[in-house]
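The values are calculated or read from the model by the stated rules, or taken from the named source; none is laboratory data. What you see is a predicted model, and the numbers here were worked out from it, not measured in a lab. Note that we place each Cβ from the backbone using ideal geometry, even for glycine, and neighbour counts take in every protein chain shown.
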Amino acid sequence: MLACAVCVLALVGIIVYELVTRSQLSWKAFGWKFFFGSEWDPVNEQFGAWPFVYGTVVSSLLALAIAVPLGLGVATFITEMCPRRLKETLAFATELLAAIPSVIYGLWAIFVLVPLLRVYLQPWLARYFGWTGLFTGPPYGIGMLAAGMILAIMVVPIISSITREVMTAVPRQQREAVLALGATRWEMIRIGVLRNARAGIFGAVILGLGRALGETMAVTMVIGNRPEIARSLFAPGYTMASVIANEFSEAATDTYLSALVEIGLALFLVTIIVNILAQVLVWSVTRGMPARGNV
Amino acid sequence: MGVGIEVDHLNAWFGKVQALHDISMHIQANHATAIIGPSGCGKSTFVRCLNRMHETVPDARAAGKVRIGELDIYNGTAAVQVRRRIGMVFQKPNPFPTMSIYDNVAAGLKLNGFHDRKRLSEIVERSLKLSALWDEVKDSLRKKSGASLSGGQQQRLCIARALAVEPEVLLMDEPCSALDPISTGKIEELIFQLKENFTIVIVTHNMQQASRVAEFTGFFLLGKLIEFDRTEKIFTTPSDKRTEDYITGRFG
Amino acid sequence: MSNSSQSEPIRISLWRSGMDHLVTLAAAAAVLLVLLPLGAIFAYLVYKGVGALNWDFLTQIPKPVGEPGGGMANAIAGSVLILAIASAMGVPIGIGAGIYLAEYGRNRMGDVVRFTADVLNGVPSIVVGIVAYGVVVLAQKHFSALAGGFALGMMMIPTITRATEEMLLLVPQAIREAAYGLGIARWRTTLSITLRTATSGVITGVMLAFARVAGETAPLLFTAFGNQYWNWKINQPTAALSLQVFTYAISPFDEWHRQAWAGALILIVLIVISVSALRVAAGRGMLKGTG
């Protein structure tokens, strides 16, 4: 038994070891500048990871911008507004969304979402919001916007289910206290539930962020895979996870491989920090074991 | 056949708190001895020291001498060995929920390495007869789970399970407190019959029960043994004033 | 609340009640917006997938590019192989660690292990692939099902450990005491009695982990790598359903696109079956007959 527990420790140890040692080559060659350089040129062995960092951050933030309101809305509806009989079904449906593998999201995104963007949404956005500079350029369909949107769909279930747990953990007395003052249902939710669960909801959002940062397949399939930095969301981009996915098995030189591993290490560290932060926040509201079972 | 128990200056602690102070008594073989006293007086702790269950609680320990028959249980014997020779029945019946009735009774034997199928069946039948449960379950031994029986039946199942390993002593920690009067009656009857072959120590907060089933009684208060004597004497002419106060209901 | 005697009923301002309705509407709209892609994805999977699904698909290996026909039989088989390896690694370690945490882990060491398992859970799947590459592929000098299984196994462990620990903690202490009272040693009690009582819950945890890794693609990209042919050897590159769907989806060939949908359909069917079976098991109760 102890041996198995030690295995768990060993595995994480192995992960850290592998990532650190194999990225040494790249680290020694480029140092900190690795993450700020924009030149990704395998042929000339020049590696700068800034485009990928940018791509990861932008796609994740875009995803959150869409997913947070949606996720909160769904959670609120299921917890506070929905008739009892519907609760189970809706909860199950959101769980189902979480169970769909990334590659299937990608598949659907390529053949359904992207054409929709190219033909309807992007021209519309360009026409009415092009002045912001975010929606300019040829409407390929494929690009940052598509990546952000599919990521959002993938992240909503996490935000929604954690938010649900956290909202349920708020004791009844809090809700009743607000209602007794003559509040409408929305006011009760806003003051009695959401405010109390604030930390946990923040945690849920951070957890969603964590998931978005590490998401690989669906993003790779629709982001365009070009290491460019552009202001417009229509432009193609590249994320840290995607570059590893696309180029790892073909990395011919040691430096190339090492650079990719270094990106992996950075991804690992960032996701770990984000996840720990999220756990702490969620824990502070639910106090230990999150509510088991259905809400 | 039952054996006598010799307790000599037994002390027990939970962490820094001392729960038992210098207990000494002699428990007669093939008789039933009741341990009575108000809540928190240490009766359960005492009994759990007799089969070294006390130490399974983190930070708990015991010191002193306890001899069961010729076995000195705190000196030179592994706890697991001790518990194989002493049976225990708990306050709330706790049959193993995922096992059938048959498997429940056989559990103690099987898990200690006994696998002779034919002998096992015989022992299971004998134990269930001894605990007066046989007639009620003989047709569904392997089909019904241990947890599907009524409270009283479950407790008798637990008794059968304890008897199956052929202990010399049977410890019962308030075995009837979770049961209805009819089941209680059945179990008390059982104790009468079991006395012939086993030594029984029964903890009870029900004084009438003590006077019904036990020949000897020990009165505990705040971790000390106040008085130990024949049951009739304790309940009619107790020597210590505190005993008298307790049995007349002035406290506890 | 005070009743204003015979005067008019207290009216909530129009603004407040308006907000209330608006928010309810917005929340409901959010639900619809979220369910929309769910429905769309399943609809397309069925619509496009069923079209390409036929007996050939399930029994044949891929044909060379350009030729119609062929199937994903080797990918389905490969997935089974890789998942079997993953389970062989992940299930014992996961359950063992879970037992440790529940029965012996109420201490510093236990906290460390618990934290580490959570960290392991949060590692992005592509990073797991990198590590598996480093540990297995480089050592063996070629891609293999073993490497893929190692990666997926690593991902299964935290889920199984968590579930096992929780289920074991639900087993009442009275059961363990009954076993101790019979003179059964502690390790024996844990394995034969406590674990046995929590079995259905533990199985649920295992299935949850299984469903999670069954659809993973990223860790397999440079471990199992994929294979156009049948492969049953564990130390050779192996095809996997999720990998195949990915390769076909990003290819320029229509025929392969069709097959990608069919492969995706099979994948999702297998996963939905596991997740639903899980709900049924959870509904029937984790512990039979306690209390």
If you go through B:R142, B:R156, the only one that is in contact with an Asp or Glu (Cβ under 8 Å, 6 or more places away or on another chain), without any contact (Cβ under 8 Å) to a residue 60 or more places away in the chain and not in a strand (DSSP E or B) is B:R142
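Tell me, which helices (runs of 4 or more DSSP H) wholly within the range A:164-260 include 3 or more residues that are closer than 17 Å to A:F52 by Cα?
It comes to A:198-214, A:217-222, A:240-247.
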Out of A:V114, A:V119, A:V103, A:V74, I need the residue that is more than 7 Å from chain C (Cβ to nearest Cβ) and surrounded by 19 or more Cβ atoms within 10 Å (Cβ to Cβ). Which one? A:V114
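Filtering the range B:73-117 down to residues that are among the aromatic types (F, W, Y) and surrounded by fewer than 24 Cβ atoms within 10 Å (Cβ to Cβ), which residue is nearest to the other protein chains (Cβ to nearest Cβ)?
Once the filter is applied, the top-ranked residue is B:F90.
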Given the condition at pLDDT 85 or above and over 18 Å from the mean Cα position of the chain (by Cα), answer yes or no: does some residue in the range B:171-181 qualify? yes
Residue check for C:I85: closer than 22 Å to C:S144 by Cα, surrounded by fewer than 21 Cβ atoms within 10 Å (Cβ to Cβ), touching a residue at least 60 places away in the same chain (Cβ under 8 Å) and not polar (S, T, N, Q): no
Condition (residue is within 14 Å of chain C (Cβ to nearest Cβ), under 20 Å from A:V243 (Cβ atoms), crowded, with 16+ Cβ neighbours inside 10 Å and touching a strand residue (DSSP E or B) at 6+ places or on another chain (Cβ under 7 Å)) applied to the range A:14-35: is it met by at least one residue? yes
Yes/no for C:I126 being aliphatic (A, V, I, L, M) and within 19 Å of the chain's Cα centre (by Cα): yes
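Residues to consider are A:T89, A:T79, A:T94; find the one that is over 25 Å from A:M217 (Cα atoms) and either surrounded by 24 or more Cβ atoms within 10 Å (Cβ to Cβ) or touching a residue at least 24 places away in the same chain (Cβ under 8 Å) (or both).
From the options A:T89, A:T79, A:T94, the qualifying one is A:T79.
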Report every pair of residues separated by at least 6 positions or lying on different chains whose Cβ atoms are under 9 Å apart, first residue within the range C:221-249 and in contact (Cβ under 8 Å) with a residue 12 or more places away in the chain and within 9 Å of another protein chain (Cβ to nearest Cβ), second among the charged types (D, E, K, R) and not in a helix (DSSP H, G or I). C:S242/C:E216
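Within the range C:8-61, take every residue that is part of a loop (DSSP other than H, G, I, E, B) and either surrounded by fewer than 13 Cβ atoms within 10 Å (Cβ to Cβ) or of a type outside the set (A, V, I, L, M, F, W, C) (or both) and give me the one that is modelled with the lowest pLDDT. If you could, list the steps in order and put the result at the bottom.
The first filter runs over the range C:8-61 and keeps only residues part of a loop (DSSP other than H, G, I, E, B), leaving C:8-13, C:53-54, C:60-61.
Remaining after also requiring either surrounded by fewer than 13 Cβ atoms within 10 Å (Cβ to Cβ) or of a type outside the set (A, V, I, L, M, F, W, C) (or both): C:8-11, C:13, C:54, C:60.
Values: C:E8: 48, C:P9: 54, C:I10: 58, C:R11: 62, C:S13: 75, C:N54: 77, C:Q60: 76.
Of everything passing the filter in the range C:8-61, C:E8 is modelled with the lowest pLDDT.
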What pairs come out if I take residues in the range A:279-292 that are at pLDDT below 50 and pair them with residues that are among the polar types (S, T, N, Q) and not in a loop (DSSP other than H, G, I, E, B) whose C-beta lies under 9 Å away, six or more apart or interchain? A:A291/A:T168
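For every residue, the table says whether it meets (1) facing another protein chain (nearest Cβ under 9 Å); (2) in contact with a strand residue (DSSP E or B) (Cβ under 8 Å, 6 or more places away or on another chain); (3) within 30 Å of A:G106 (Cα to Cα).
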position: A:L151; (1), (2), (3): no, no, yes
position: A:M154; (1), (2), (3): no, no, yes
position: A:I159; (1), (2), (3): no, no, yes
position: A:R164; (1), (2), (3): no, no, yes
position: A:Q174; (1), (2), (3): no, no, no
position: A:A177; (1), (2), (3): no, no, no
position: A:A180; (1), (2), (3): yes, no, no
position: A:W186; (1), (2), (3): yes, no, no
position: A:I191; (1), (2), (3): no, no, no
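Evaluate the following for A:A91: is it within 30 Å of C:D20 (Cα to Cα), more than 9 Å from chain C (Cβ to nearest Cβ), of a type in the set (A, V, I, L, M, F, W, C) and part of a helix (DSSP H, G or I)? If you could, list the steps in order and put the result at the bottom.
Numbers: within 30 Å of C:D20 (Cα to Cα): yes; more than 9 Å from chain C (Cβ to nearest Cβ): yes; of a type in the set (A, V, I, L, M, F, W, C): yes; part of a helix (DSSP H, G or I): yes.
It is true that A:A91 is within 30 Å of C:D20 (Cα to Cα), more than 9 Å from chain C (Cβ to nearest Cβ), of a type in the set (A, V, I, L, M, F, W, C) and part of a helix (DSSP H, G or I).
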Residues within the range A:45-60 that are in contact with an Asp or Glu (Cβ under 6 Å, 6 or more places away or on another chain) and under 15 Å from A:R231 (Cα atoms), tallied: 0
What about C:T197, is it surrounded by 23 or more Cβ atoms within 10 Å (Cβ to Cβ), away from chain A (no Cβ under 14 Å) and within 30 Å of B:V169 (Cα to Cα)? yes
What residue, among those in the range C:165-191 that are of a type in the set (G, A, S) and out of contact with any Phe, Trp or Tyr (no Cβ under 9 Å at 6 or more places or on another chain), is farthest from C:A117 (Cα to Cα)? C:G183
Among the listed residues C:G148, C:G110, which satisfies the condition of being more than 9 Å from chain A (Cβ to nearest Cβ) and touching a Phe, Trp or Tyr at 6+ places or on another chain (Cβ under 9 Å)? C:G148
Counting only helices (runs of 4 or more DSSP H) wholly inside the range B:167-252, the ones holding at least 3 residues that are over 21 Å from B:S127 (Cα atoms) are B:207-213, B:231-236, B:241-247
Do we find a residue being surrounded by fewer than 22 Cβ atoms within 10 Å (Cβ to Cβ), within 12 Å of another protein chain (Cβ to nearest Cβ) and in contact with a helix residue (DSSP H, G or I) (Cβ under 8 Å, 6 or more places away or on another chain) anywhere in the range B:174-184? yes
Just the residues that are within 13 Å of chain C (Cβ to nearest Cβ) and of a type in the set (S, T, Y), please, taken from the range A:46-71. A:T56, A:S60
Which members of the range C:252-261 meet the condition of being touching a residue at least 40 places away in the same chain (Cβ under 8 Å), surrounded by fewer than 24 Cβ atoms within 10 Å (Cβ to Cβ) and within 11 Å of another protein chain (Cβ to nearest Cβ)? C:R258
